[in-house]
1. Quick check on Ile99: is it free of Cβ contacts under 8 Å to residues at least 40 places away in the same chain, of a type in the set (Val, Ile, Thr) and either within 14 Å of Asn125 (Cβ to Cβ) or out of contact with any helix residue (DSSP H, G or I) (no Cβ under 7 Å at 6 or more places or on another chain) (or both)?
2. What residue, among those in segment 60-75 that are in a strand (DSSP E or B) and in contact with a His (Cβ under 9 Å, 6 or more places away or on another chain), is surrounded by the most Cβ atoms within 10 Å (Cβ to Cβ)?
3. Give all pairs with beta carbons closer than 8 Å in which a residue from segment 55-70 that is in contact (Cβ under 8 Å) with a residue 60 or more places away in the chain and closer than 14 Å to His189 by Cβ meets a residue that is in a strand (DSSP E or B) and small (Gly, Ala, Ser); count only pairs at least 6 apart in sequence or on separate chains.
4. Go through (1) farther than 21 Å from Arg155 by Cα; (2) touching a Lys or Arg at 6+ places or on another chain (Cβ under 7 Å) for Gly77 and report which single condition fails.
5. Leu157: closer than 19 Å to Phe61 by Cα, in contact (Cβ under 8 Å) with a residue 12 or more places away in the chain and out of contact with any Pro (no Cβ under 7 Å at 6 or more places or on another chain), yes or no?
6. Find the residue count for segment 27-59, including only residues that are of a type in the set (Ser, Thr, Tyr) and crowded, with 18+ Cβ neighbours inside 10 Å.
7. Residues to consider are Ala142, Ala197, Ala163; find the one that is modelled with pLDDT under 95, under 22 Å from Gly75 (Cα atoms) and surrounded by 14 or more Cβ atoms within 10 Å (Cβ to Cβ).
8. Could you list, in sequence order, all residues of segment 136-176 that are aliphatic (A, V, I, L, M) and either in a helix (DSSP H, G or I) or closer than 16 Å to Lys188 by Cβ (or both)?
Amino acid sequence: MTPAHDPFLAERNVSRETEGRLLVFVDLLGKWTQKINLISKSTASDIWRRHILDSVQIYDFAPNKFSLWLDIGSGGGLPGVVVAALAAQFEPGARIVMIESDQRKAAFLRTALRELGLGGDVLANRIDAMAPMGADVLSARALAPLDQLLAFTERHLKPGGTAIFPKGKTVDQEIADASTNRLFQIEKHASVTDADARILTIKDIKRV
């Protein structure tokens, strides 16, 4: 499973209480995945690294202070529930909101927040049907190509906010495709869990 105190988390000063919550979350993910498709079967044996730590690193690129973090297409709570666990320690006054249109997955997210003793809101609706949220931070993991993500971001991220998206081997092509009709400030960061992946931070999105 994981060492008593993971060195990856120790480097980020993650408390034992927060790590304990993440371990409870791993257990919930494993149990619920047997009923509904939360994570792929190919990664089920390596949930801690492939999903939990991969979500933890997304938090690394958030601003030091934020009031509203919006996670869209939250699915199995990766990174939404992980973000909620970290924010409870590092930014306890922040509001964490997850949008997930699948009712079964939304039920899982609410259960996870309750079992982990975390605050947060789960909105079971379509992303494009929601009124603009004005988020300080917007995240999405394994949801859609970058061009579509930026359309959601334009709607829900407040001016000056930051979008954070992990992307795989197609990242450069996705950036090129998204650049055909939008201008944006983007930075690519190495992933600590996958040498082929990058974490994108994006600001100041404007249509051409």
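1. Answer is yes for this residue.
2. Leu70
3. From segment 55-70, the pairs are Ile58/Ser139.
4. The one condition Gly77 does not meet is (2).
5. Considered against the rule, which asks whether it is closer than 19 Å to Phe61 by Cα, in contact (Cβ under 8 Å) with a residue 12 or more places away in the chain and out of contact with any Pro (no Cβ under 7 Å at 6 or more places or on another chain), Leu157 comes out as yes.
6. Here the count works out to 3.
7. Ala142
8. Leu146, Leu149, Leu150, Ala151, Ala163, Ile164, Val171, Ile175, Ala176
The values are calculated or read from the model by the stated rules, or taken from the named source; none is laboratory data. On a predicted model such as this, the values are computed, not experimentally measured, just so you know. Note that we place each Cβ from the backbone using ideal geometry, even for glycine, and neighbour counts take in every protein chain shown.
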